[in-house]
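What follows is a set of notes on a single structure, which appears directly below.
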Amino acid sequence: MLTARKIPMSRLTSIILAVAVSTALLTITAPEVCAQSRSLEEGPIVRRQLLYRSNRFELTPSLAHTLNDSYRRAAFLNLGTNYHLTNDFSLGLNAGWGLSYNTNILSEIEATNPSVARELAFAETTLLMNFHLGWVPYYGKFNFLDTTTVNFDLHLLGGLGAALVTSESDELSGFKFGPAIGIGMRFFFDGDTALTLEVIDHMYSQADAQRSGERVEESFGHTVLVSVGVSFFVTGDLRVSR
(Lines give C-alpha, C1' and ligand atoms only; values in the text may rest on other atoms or scores of the structure.)
Protein backbone atom coordinates (compact mmCIF):
# COMPACT_ATOMS: atom_id res chain seq x y z
CA MET A 1 0.00 0.00 0.00
CA LEU A 2 1.35 3.41 -1.09
CA THR A 3 1.54 6.14 1.49
CA ALA A 4 1.86 9.88 0.86
CA ARG A 5 4.92 11.63 2.14
CA LYS A 6 4.59 15.09 3.57
CA ILE A 7 7.14 17.65 2.28
CA PRO A 8 8.65 19.75 5.04
CA MET A 9 7.80 23.46 4.90
CA SER A 10 11.48 24.50 4.72
CA ARG A 11 12.07 22.26 1.70
CA LEU A 12 8.90 23.52 -0.02
CA THR A 13 10.11 27.10 0.46
CA SER A 14 13.47 26.20 -1.10
CA ILE A 15 11.76 24.67 -4.17
CA ILE A 16 9.57 27.75 -4.64
CA LEU A 17 12.60 30.04 -4.39
CA ALA A 18 14.52 27.92 -6.92
CA VAL A 19 11.64 28.05 -9.42
CA ALA A 20 11.30 31.84 -8.93
CA VAL A 21 15.05 32.41 -9.49
CA SER A 22 15.04 30.16 -12.61
CA THR A 23 12.06 32.05 -14.06
CA ALA A 24 13.74 35.40 -13.43
CA LEU A 25 16.95 34.24 -15.12
CA LEU A 26 15.03 33.00 -18.16
CA THR A 27 13.21 36.34 -18.38
CA ILE A 28 16.48 38.27 -18.30
CA THR A 29 18.41 36.08 -20.74
CA ALA A 30 15.58 35.41 -23.22
CA PRO A 31 16.00 38.75 -25.11
CA GLU A 32 19.74 38.12 -25.48
CA VAL A 33 19.08 34.64 -26.88
CA CYS A 34 16.50 36.06 -29.30
CA ALA A 35 18.89 38.81 -30.35
CA GLN A 36 21.59 36.24 -31.07
CA SER A 37 19.17 34.20 -33.14
CA ARG A 38 18.11 37.31 -35.07
CA SER A 39 21.66 38.42 -35.86
CA LEU A 40 21.97 35.94 -38.72
CA GLU A 41 18.98 37.53 -40.43
CA GLU A 42 19.80 41.13 -39.58
CA GLY A 43 23.51 40.88 -40.43
CA PRO A 44 25.17 41.42 -43.83
CA ILE A 45 23.71 39.49 -46.76
CA VAL A 46 27.22 38.50 -47.92
CA ARG A 47 29.69 37.45 -45.25
CA ARG A 48 33.45 37.18 -45.75
CA GLN A 49 33.17 39.54 -48.75
CA LEU A 50 36.40 40.53 -50.51
CA LEU A 51 36.87 44.31 -50.23
CA TYR A 52 38.87 44.91 -53.40
CA ARG A 53 38.66 48.71 -53.28
CA SER A 54 38.18 49.86 -49.69
CA ASN A 55 40.88 52.35 -48.52
CA ARG A 56 43.14 51.60 -51.47
CA PHE A 57 44.92 53.73 -54.08
CA GLU A 58 44.51 52.68 -57.72
CA LEU A 59 46.64 53.52 -60.78
CA THR A 60 45.27 52.72 -64.26
CA PRO A 61 47.42 53.23 -67.38
CA SER A 62 45.26 52.75 -70.47
CA LEU A 63 44.88 53.25 -74.20
CA ALA A 64 41.89 55.36 -75.24
CA HIS A 65 40.21 56.62 -78.37
CA THR A 66 37.60 59.23 -79.23
CA LEU A 67 34.47 58.09 -81.07
CA ASN A 68 32.45 60.95 -82.52
CA ASP A 69 34.89 63.47 -84.03
CA SER A 70 33.89 65.11 -87.29
CA TYR A 71 37.28 65.90 -88.87
CA ARG A 72 40.15 65.02 -86.53
CA ARG A 73 40.02 61.91 -84.37
CA ALA A 74 42.47 61.22 -81.52
CA ALA A 75 44.12 58.24 -79.84
CA PHE A 76 45.15 58.79 -76.22
CA LEU A 77 47.69 57.48 -73.76
CA ASN A 78 45.77 57.77 -70.52
CA LEU A 79 46.56 57.57 -66.80
CA GLY A 80 43.82 57.29 -64.20
CA THR A 81 44.16 57.57 -60.42
CA ASN A 82 41.54 56.76 -57.79
CA TYR A 83 41.55 56.76 -54.03
CA HIS A 84 38.77 54.52 -52.74
CA LEU A 85 37.33 56.04 -49.58
CA THR A 86 35.20 52.92 -49.06
CA ASN A 87 34.44 49.84 -51.10
CA ASP A 88 31.72 51.86 -52.90
CA PHE A 89 32.95 55.47 -53.21
CA SER A 90 36.14 57.02 -54.57
CA LEU A 91 37.76 60.28 -55.69
CA GLY A 92 39.74 60.23 -58.92
CA LEU A 93 41.62 62.08 -61.64
CA ASN A 94 42.04 60.96 -65.26
CA ALA A 95 44.38 62.59 -67.79
CA GLY A 96 45.13 61.59 -71.38
CA TRP A 97 47.50 62.92 -74.06
CA GLY A 98 46.22 62.56 -77.61
CA LEU A 99 47.62 62.11 -81.11
CA SER A 100 45.22 63.26 -83.84
CA TYR A 101 44.63 61.95 -87.36
CA ASN A 102 42.13 62.57 -90.14
CA THR A 103 38.68 61.05 -90.23
CA ASN A 104 37.35 59.66 -93.50
CA ILE A 105 35.33 62.86 -94.04
CA LEU A 106 38.41 65.10 -93.87
CA SER A 107 40.44 62.73 -96.04
CA GLU A 108 37.69 62.86 -98.64
CA ILE A 109 37.57 66.69 -98.52
CA GLU A 110 41.34 66.90 -98.98
CA ALA A 111 41.20 64.46 -101.89
CA THR A 112 38.22 65.94 -103.75
CA ASN A 113 38.40 69.64 -102.78
CA PRO A 114 41.97 70.49 -101.80
CA SER A 115 41.35 74.22 -102.26
CA VAL A 116 38.49 74.09 -99.72
CA ALA A 117 40.59 72.04 -97.30
CA ARG A 118 43.36 74.66 -97.43
CA GLU A 119 40.88 77.34 -96.30
CA LEU A 120 39.80 75.37 -93.24
CA ALA A 121 41.40 75.15 -89.81
CA PHE A 122 40.51 72.10 -87.73
CA ALA A 123 40.34 71.58 -83.96
CA GLU A 124 42.47 68.85 -82.41
CA THR A 125 42.00 67.57 -78.86
CA THR A 126 45.47 67.32 -77.35
CA LEU A 127 44.62 66.77 -73.68
CA LEU A 128 41.53 65.36 -71.95
CA MET A 129 41.18 65.21 -68.18
CA ASN A 130 38.52 64.98 -65.50
CA PHE A 131 38.24 65.14 -61.73
CA HIS A 132 35.43 62.89 -60.57
CA LEU A 133 33.53 61.13 -57.83
CA GLY A 134 33.19 57.39 -58.43
CA TRP A 135 30.46 55.05 -57.20
CA VAL A 136 30.22 51.25 -57.43
CA PRO A 137 26.49 50.39 -57.42
CA TYR A 138 26.97 46.73 -58.33
CA TYR A 139 29.65 44.07 -57.96
CA GLY A 140 29.74 40.31 -58.02
CA LYS A 141 31.44 37.33 -59.59
CA PHE A 142 30.91 34.73 -62.31
CA ASN A 143 32.47 31.49 -63.44
CA PHE A 144 34.57 31.61 -66.60
CA LEU A 145 34.76 28.31 -68.55
CA ASP A 146 33.54 26.58 -65.36
CA THR A 147 37.11 26.64 -64.04
CA THR A 148 37.87 30.23 -63.02
CA THR A 149 35.92 32.59 -60.79
CA VAL A 150 36.12 36.22 -61.91
CA ASN A 151 35.19 39.07 -59.57
CA PHE A 152 33.95 42.26 -61.24
CA ASP A 153 32.36 45.63 -60.52
CA LEU A 154 30.23 48.13 -62.41
CA HIS A 155 31.19 51.71 -61.59
CA LEU A 156 29.84 55.15 -62.45
CA LEU A 157 31.68 58.46 -62.35
CA GLY A 158 30.77 62.11 -62.60
CA GLY A 159 32.67 65.35 -62.20
CA LEU A 160 34.36 68.25 -63.97
CA GLY A 161 36.15 67.73 -67.28
CA ALA A 162 38.70 69.82 -69.19
CA ALA A 163 40.00 69.61 -72.76
CA LEU A 164 42.98 71.35 -74.36
CA VAL A 165 42.12 72.07 -78.00
CA THR A 166 44.82 73.13 -80.48
CA SER A 167 44.43 74.48 -84.00
CA GLU A 168 45.96 76.77 -86.60
CA SER A 169 43.14 79.14 -85.62
CA ASP A 170 43.52 80.91 -82.30
CA GLU A 171 39.73 81.13 -82.03
CA LEU A 172 39.43 77.33 -81.96
CA SER A 173 42.28 76.82 -79.51
CA GLY A 174 42.32 76.86 -75.73
CA PHE A 175 41.05 75.06 -72.66
CA LYS A 176 37.39 73.99 -72.66
CA PHE A 177 35.56 73.09 -69.44
CA GLY A 178 32.36 71.24 -68.69
CA PRO A 179 30.84 68.22 -66.96
CA ALA A 180 32.12 64.69 -67.49
CA ILE A 181 30.19 61.49 -66.84
CA GLY A 182 31.14 57.89 -67.42
CA ILE A 183 30.56 54.20 -66.85
CA GLY A 184 33.04 51.35 -66.53
CA MET A 185 33.78 47.83 -65.37
CA ARG A 186 36.69 46.17 -63.61
CA PHE A 187 37.49 42.46 -63.95
CA PHE A 188 39.87 41.42 -61.17
CA PHE A 189 42.76 39.08 -61.97
CA ASP A 190 43.71 38.89 -58.30
CA GLY A 191 43.65 41.13 -55.24
CA ASP A 192 45.93 43.79 -56.76
CA THR A 193 45.24 43.96 -60.53
CA ALA A 194 42.19 44.29 -62.76
CA LEU A 195 41.26 44.80 -66.40
CA THR A 196 39.39 48.13 -66.62
CA LEU A 197 37.02 49.25 -69.39
CA GLU A 198 35.51 52.76 -69.37
CA VAL A 199 33.43 55.10 -71.53
CA ILE A 200 33.57 58.79 -70.52
CA ASP A 201 31.65 61.65 -72.11
CA HIS A 202 33.32 65.08 -71.85
CA MET A 203 30.83 67.87 -72.57
CA TYR A 204 31.89 71.41 -73.44
CA SER A 205 31.34 74.19 -75.99
CA GLN A 206 33.43 73.64 -79.09
CA ALA A 207 33.77 74.19 -82.84
CA ASP A 208 35.27 71.53 -85.10
CA ALA A 209 36.49 73.77 -87.90
CA GLN A 210 36.75 77.37 -89.11
CA ARG A 211 36.86 78.69 -92.65
CA SER A 212 39.41 81.45 -93.22
CA GLY A 213 37.93 84.87 -92.57
CA GLU A 214 34.73 83.58 -90.99
CA ARG A 215 33.62 83.93 -87.39
CA VAL A 216 33.71 80.83 -85.13
CA GLU A 217 30.40 79.67 -83.74
CA GLU A 218 30.77 77.20 -80.91
CA SER A 219 28.05 74.78 -79.77
CA PHE A 220 27.74 72.52 -76.76
CA GLY A 221 29.01 69.10 -77.81
CA HIS A 222 30.27 65.71 -76.65
CA THR A 223 33.71 64.14 -76.86
CA VAL A 224 33.28 60.46 -76.01
CA LEU A 225 36.40 58.60 -74.92
CA VAL A 226 36.60 54.79 -74.76
CA SER A 227 39.53 53.27 -72.85
CA VAL A 228 41.01 49.85 -72.05
CA GLY A 229 43.60 49.57 -69.30
CA VAL A 230 45.02 47.64 -66.37
CA SER A 231 44.41 48.82 -62.80
CA PHE A 232 47.07 48.36 -60.13
CA PHE A 233 46.08 48.72 -56.47
CA VAL A 234 49.37 50.00 -55.13
CA THR A 235 48.52 50.71 -51.48
CA GLY A 236 46.57 48.80 -48.86
CA ASP A 237 45.92 45.10 -48.59
CA LEU A 238 42.95 43.17 -49.89
CA ARG A 239 40.64 42.90 -46.88
CA VAL A 240 37.77 40.56 -46.06
CA SER A 241 34.56 41.74 -44.41
CA ARG A 242 33.08 39.95 -41.40
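The values are calculated or read from the model by the stated rules, or taken from the named source; none is laboratory data. Everything quoted here is computed from the prediction, not taken from an experiment. When we count neighbours, we look across all protein chains shown, and the Cβ atoms used for this are built from the backbone with ideal geometry, even at glycine. Note: accessible area is taken over every heavy atom of the protein model, side chains too, but ligands, DNA and RNA are not part of it. Shrake-Rupley method; radii C 1.70, N 1.55, O 1.52, S 1.80 Å.
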Problem - Among residues of region 160-191, those that are under 22 Å from the mean Cα position of the chain (by Cα), within 20 Å of residue 227 (Cβ to Cβ) and open to solvent by 30 Å² or more (accessible area, probe 1.4 Å), counted - result: 7
Completion exercise
Conditions (1) surrounded by 13 or more Cβ atoms within 10 Å (Cβ to Cβ); (2) farther than 30 Å from residue 188 by Cβ; (3) among the small types (Gly, Ala, Ser) -> residue 134 fails only (2)
Handout entry: Residues (over 15 Å from residue 184 (Cα atoms) and β-branched (Val, Ile, Thr)) located in region 61-113
Key = 66, 86, 103, 105, 109, 112
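Scan region 88-113 residue by residue and report those that are open to solvent by 60 Å² or more (accessible area, probe 1.4 Å) and closer than 27 Å to residue 214 by Cβ.
101, 104, 105, 108, 110, 111, 112, 113
Residues that are over 21 Å from residue 166 (Cα atoms), among the β-branched types (Val, Ile, Thr) and assigned to a strand (DSSP E or B): does region 94-113 have at least one?
From region 94-113, those over 21 Å from residue 166 (Cα atoms) are 108, 111-113; that's our starting set.
So of that shortlist, the ones also among the β-branched types (Val, Ile, Thr) come out as 112.
Then drop every residue that is not assigned to a strand (DSSP E or B), which leaves none.
No, region 94-113 has no match at all.
Considering only residues of region 140-153 that are out of contact with any Phe, Trp or Tyr (no Cβ under 6 Å at 6 or more places or on another chain) and part of a strand (DSSP E or B), which is least open to solvent (accessible area, probe 1.4 Å)? Give the derivation first.
Step one: list which residues in region 140-153 are out of contact with any Phe, Trp or Tyr (no Cβ under 6 Å at 6 or more places or on another chain), which gives 140-149.
Pick out the ones that are also part of a strand (DSSP E or B) and you get 140-144, 148-149.
Working: 140: 23, 141: 141, 142: 80, 143: 107, 144: 106, 148: 66, 149: 77 Å².
So, considering only residues that are out of contact with any Phe, Trp or Tyr (no Cβ under 6 Å at 6 or more places or on another chain) and part of a strand (DSSP E or B), the one least open to solvent (accessible area, probe 1.4 Å) is 140.
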Fill in the blank from the handout: The one condition residue 221 fails out of (1) at pLDDT below 95; (2) over 29 Å from residue 74 (Cα atoms); (3) in a strand (DSSP E or B) is (2)
Handout entry: Out of 85, 79, 63, sole residue that is open to solvent by 60 Å² or more (accessible area, probe 1.4 Å), in contact with a Pro (Cβ under 7 Å, 6 or more places away or on another chain), under 30 Å from residue 159 (Cβ atoms) and modelled with pLDDT of 90 or more
Key = 79
Completion exercise
Checked against (1) surrounded by 14 or more Cβ atoms within 10 Å (Cβ to Cβ); (2) assigned to a strand (DSSP E or B), residue 236 satisfies every condition except (2)
Exercise for the section: List every residue pair whose Cβ atoms lie under 7 Å apart, where the two residues are 6 or more positions apart in sequence or sit on different chains, the first residue falls within region 135-164 and is more than 29 Å from residue 96 (Cβ to Cβ), and the second residue, located anywhere, is open to solvent by less than 50 Å² (accessible area, probe 1.4 Å) and among the aliphatic types (A, V, I, L, M). Expected result: 141/150; 142/150; 144/150
